[in-house]
Amino acid sequence: MKTTRREFIRTSTMAMAGAVLLAKAGCSSGRNRNIVTAAQLYCVRDDMRQDPLGSITKIAEMGYTHVEHANYVDHKFYGYSPSEFRSILDDLGLRMPSGHTVFGPNHWDGQAGDFSDDWKKLVENAAYVGQEYVVSPWMDPRMYATYDEYMKNMEVFNKCGELCQRHGMRFGYHNHDFEFTETLRGETIFDLMMKNTDADKVVLQLDTGNMYVAGARAVDVLSRYPGRYDNIHVKDMIRRDDDRYESTILGKGLVGVREATDLARDTGTTLFVIEQEAYQGRTPMDCMEENLAIMKSWGYA
C-alpha cells in the first residue's frame, strides 16, 4: 500500500497536533498527575496549641486529606511522639507529605563536615510519619551575612537534600519576603539559591503571598524557574489601613493567586498547601473551611 507525500504530511501533522492537545489537556487539568491540596496547620496554630487532637480532627472533618505540620519540638509533633502522631494521622485518614522545621547554623558542623544528631533524628522522624519534604521555613541572617558564607550554606542545602534522599524525601526551603530584597554581589539571595542548589535535591516551596510583600510576583518567578516547585504555599494578601500586608481568604486579595496556582500546576507543582495567618475577624477554622471550598471550585481537590 503506497502513501503519497501529501497524505503522509497531512497524517503526521494531525497526529502531532493531537499529541500536543492531549499533552496540554493532561497538564492543564492535572487529571494525569496526583494533585494534592493540604492545610498548613500553622493556620490554626492557637487551636492546635490548645487541643491538637480535636483541632486536627476538625481539619479532617472539613474534607482535608493532607496536612503540613509547623510544630516539631524535642522530637515530637505537637507534643506527640512520631509513632503517636502517625497513628493519629492514620486514624483520621490524613497524610502529611510536608513539614516545617527551621534548619539553622547549629544543625551543621563545618569542622566535622556532618549534620548534628538532632537534625539527623529530625529527618528520620519526618520519614517515619510519611513526609516527602522536609522544609525549612526561615533562614538565620548569619547564613547570608556574606556572599562566601551564603555559598557555603547553599552547598549545605544540597547536602541536606542528599540526606533527605537517603530517607526517600527531599529538602525544601520556604520563602518569606527578604529573599527578594536582600542582595549579594548584585543578585537577590533567592536567585542565588535557585542557581546554586540542585533541582533534584532542593525544592523551593514558593509562598505566593510572602513574596508579594517584597514586590515579587509569583507568576513572574514561576515563569523564570519552571519545574522547580513541586510544593507551594497558596496564599493571598490584602493591604491594611497602615499600608502593611496580611493574608486573607483565597481569591479575595491582591496576589492573583488563582493565576499563580494554575501556572504552578501547569509547570509541575503537585502539592498545594493552603496558608492563611490573619483572619479579618473570622475564626481560623472557618477560614480554612472556606479556603478548601474555593480550591475545590478551582479544580483542586
*Condition check for residue 54: in contact with a helix residue (DSSP H, G or I) (Cβ under 9 Å, 6 or more places away or on another chain), touching a residue at least 24 places away in the same chain (Cβ under 8 Å) and among the small types (Gly, Ala, Ser)*: no
*Can you tell me which residue among 130, 161 is not in a helix (DSSP H, G or I) and not hydrophobic (A, V, I, L, M, F, W, C)?*
130
*Report yes if some residue within segment 276-284 is in the same structural domain as residue 47 (by TED's automatic domain parsing), under 18 Å from the mean Cα position of the chain (by Cα) and under 21 Å from residue 55 (Cα atoms); otherwise report no.*
yes
*Checking residue 140 against (1) more than 21 Å from residue 117 (Cβ to Cβ); (2) in contact with a helix residue (DSSP H, G or I) (Cβ under 8 Å, 6 or more places away or on another chain), which single condition isn't satisfied?*
(1)
_Which listed residue, of 192, 204, 250, 263, is part of a loop (DSSP other than H, G, I, E, B) and either under 18 Å from residue 40 (Cβ atoms) or touching a residue at least 40 places away in the same chain (Cβ under 8 Å) (or both)_ = 250
*If you take the residues in segment 221-247 that are of a type in the set (Asp, Glu) and surrounded by 12 or more Cβ atoms within 10 Å (Cβ to Cβ), which one is modelled with the lowest pLDDT?*
230
*Answer yes if at least one residue in segment 276-293 is among the hydroxyl-bearing types (Ser, Thr, Tyr), crowded, with 16+ Cβ neighbours inside 10 Å and not in a loop (DSSP other than H, G, I, E, B), and no otherwise.*
no
*Take the residues of segment 269-301 that are at pLDDT 95 or above and among the small types (Gly, Ala, Ser): which is farthest from residue 97 (Cα to Cα)?*
281
*Any chance you could count how many residues in segment 227-254 are closer than 26 Å to residue 167 by Cα and touching a Leu at 6+ places or on another chain (Cβ under 9 Å)?*
6
*Can you give me the number of residues within segment 109-127 that are in a strand (DSSP E or B) and touching a Ser or Thr at 6+ places or on another chain (Cβ under 7 Å)?*
1
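The values are calculated or read from the model by the stated rules, or taken from the named source; none is laboratory data. Just so it is clear, the model here is predicted, and its values are computed rather than measured. Every residue, glycine among them, receives a Cβ derived from its backbone with ideal geometry; neighbour counts consider all protein chains shown.
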